[in-house]
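The values are calculated or read from the model by the stated rules, or taken from the named source; none is laboratory data. None of these values were measured; they are calculated from a predicted model. We place every Cβ from the backbone using ideal geometry, glycine too, and count neighbours over all the protein chains shown.
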Amino acid sequence: MKRTVRGMGLLSLMIAGAVAAQGTSPSRDGQALIVTASNTTHNQLMIYSMAGTLLEQLPTGGAGGVSGNAGGIAQNSERLAVVNFGSGNVSIFGKDPAHTSLRYEKLVPALTNPVSVAFGNDHLYILTASYIESHRINRYGVESTADGEAKLVIGDGSAAQVGALRGQLVISEKSNAIETVSLDGQGAVIGSTTQVANIPANVNAPFGLATRGNDAYVTIAHANEISLVRNNAVLTVTGSGTQSAPCWVTLDGPFLFSSNSPSKSVSRYAVYGEKIIQDAAVVASFNGNPTDITYRKDLAAVIDANGSVSHVSIFNVDEDGSFTLKGLTTINSTTTNGIAIVRADHDSY
């Protein structure tokens, strides 16, 4: 198999020497950090306070350039991963024990250009334009060499997002594929990717997804639908009502939130069992088109873009799932990609 971007060793060493000594200051408000990526040629991890103040920019050591994806940044209790589409690798940042600072660790090469990342089962999973691969995490960090890989069902460059389930991964490709791949007992990718059953006849561009346990909530953006995938089959499909093209979703507790790009909004759904029920068509509106969303406990953050700028909006979320704007920042670029909340309360991610 041709591996197009493995020859990055010398560059990785050079970058490591340039950025390893850099790290973030603790969260200025003692609550959380909001992180996104510039996604430019010289990719930067951009770190904001809850008020939307830029605290620091850390080089990822790679080149950006990804679009039409979600999960460009992933986190677990110890680390943050950021895709570098243009240079074909993923940057790993470590968190301190207080979860209030970040420090560059290493570059992990990918089989081809990475678009989305996810943590789970003591592994980092990297979705590229045409492959899914797994990298074990040991006491020294994320291993550079993949311990499992599989070609995507379509693999035409339309890959959008990967998420971890129990014993398998779920993947969306915008060329109308929702697929899974099995994991072995250690969490490594094994076997081949397989398209899930009962995909709706009107399927049109699966985009974003959110996972929990055995359940994956996958948007079918151009059909204005959100689907529930469980045990390799679509069980339920719910329409997005007045809001067009639910693109990216995030999940915590009883609520699923979708960012609806052309409608410039976020919708709220209640999810339980096999039910997906929209109980608020609009909980937040934006001047631009939302491109990614994240939600953890009582905090949410959304990226939107319009004209020549993008925005990061930060919200408090109450027990009823209502959004209250807490912070807002404007970035003089529309390439900004990925969003994550680094909390200081030692929650697992």
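Quick notes
- Flag if G208 is closer than 24 Å to S322 by Cα, at pLDDT 95 or above and part of a strand (DSSP E or B): yes
- Under the condition of being at pLDDT 95 or above and not in a strand (DSSP E or B), the residues counted in region 23-48 number 6.
- Which listed residue, of A110, A150, A118, is more than 23 Å from G185 (Cβ to Cβ) and either buried (at least 22 other Cβ atoms within 10 Å of the Cβ) or touching a Ser or Thr at 6+ places or on another chain (Cβ under 7 Å) (or both): A110
- Scanning region 317-342 for residues that are buried (at least 21 other Cβ atoms within 10 Å of the Cβ) and either assigned to a strand (DSSP E or B) or more than 16 Å from the chain's Cα centre (by Cα) (or both) yields V317, F323, N337, G338, I339, A340, I341, V342.
- Residue within region 90-104 that is modelled with pLDDT of 95 or more and not in a strand (DSSP E or B) present: no
- For region 212-236, the candidate set comprises residues that are on the phi > 0 side of the Ramachandran plot and in contact (Cβ under 8 Å) with a residue 40 or more places away in the chain; within that set, the residue that is surrounded by the most Cβ atoms within 10 Å (Cβ to Cβ) is N232.
- Inside region 248-278, residues that are assigned to a strand (DSSP E or B) and closer than 23 Å to G213 by Cα make up a count of 20.
- The set of residues in region 282-304 being of a type in the set (V, I, T), under 19 Å from I73 (Cα atoms) and modelled with pLDDT of 95 or more consists of I293, T294, V302, I303.
- Residue in region 253-268 that is in contact with a Leu (Cβ under 8 Å, 6 or more places away or on another chain), surrounded by fewer than 18 Cβ atoms within 10 Å (Cβ to Cβ) and not basic (K, R) present: no
- Tally, over region 268-298, of residues that are under 17 Å from the mean Cα position of the chain (by Cα) and of a type in the set (F, W, Y): 1
- Taking the numbered list (1) under 15 Å from the mean Cα position of the chain (by Cα); (2) assigned to a loop (DSSP other than H, G, I, E, B); (3) small (G, A, S) in turn, S244 passes all entries but (1).
- Scoring T180 on the criteria (1) outside any loop (DSSP other than H, G, I, E, B); (2) in contact with an Asp or Glu (Cβ under 7 Å, 6 or more places away or on another chain) leaves a single failure, condition (2).
- Flag if S172 is part of a strand (DSSP E or B), closer than 28 Å to Q44 by Cβ and either of a type in the set (G, A, S) or in contact with an Asp or Glu (Cβ under 6 Å, 6 or more places away or on another chain) (or both): yes
- Qualifying residues in region 62-84 (those that are surrounded by fewer than 21 Cβ atoms within 10 Å (Cβ to Cβ) and assigned to a loop (DSSP other than H, G, I, E, B)) - the one modelled with the lowest pLDDT: S77
- Filtered residues of region 220-271 (kept if aliphatic (A, V, I, L, M) and more than 24 Å from D304 (Cα to Cα)): L228, V229, A233, V234, L235, V237, V271
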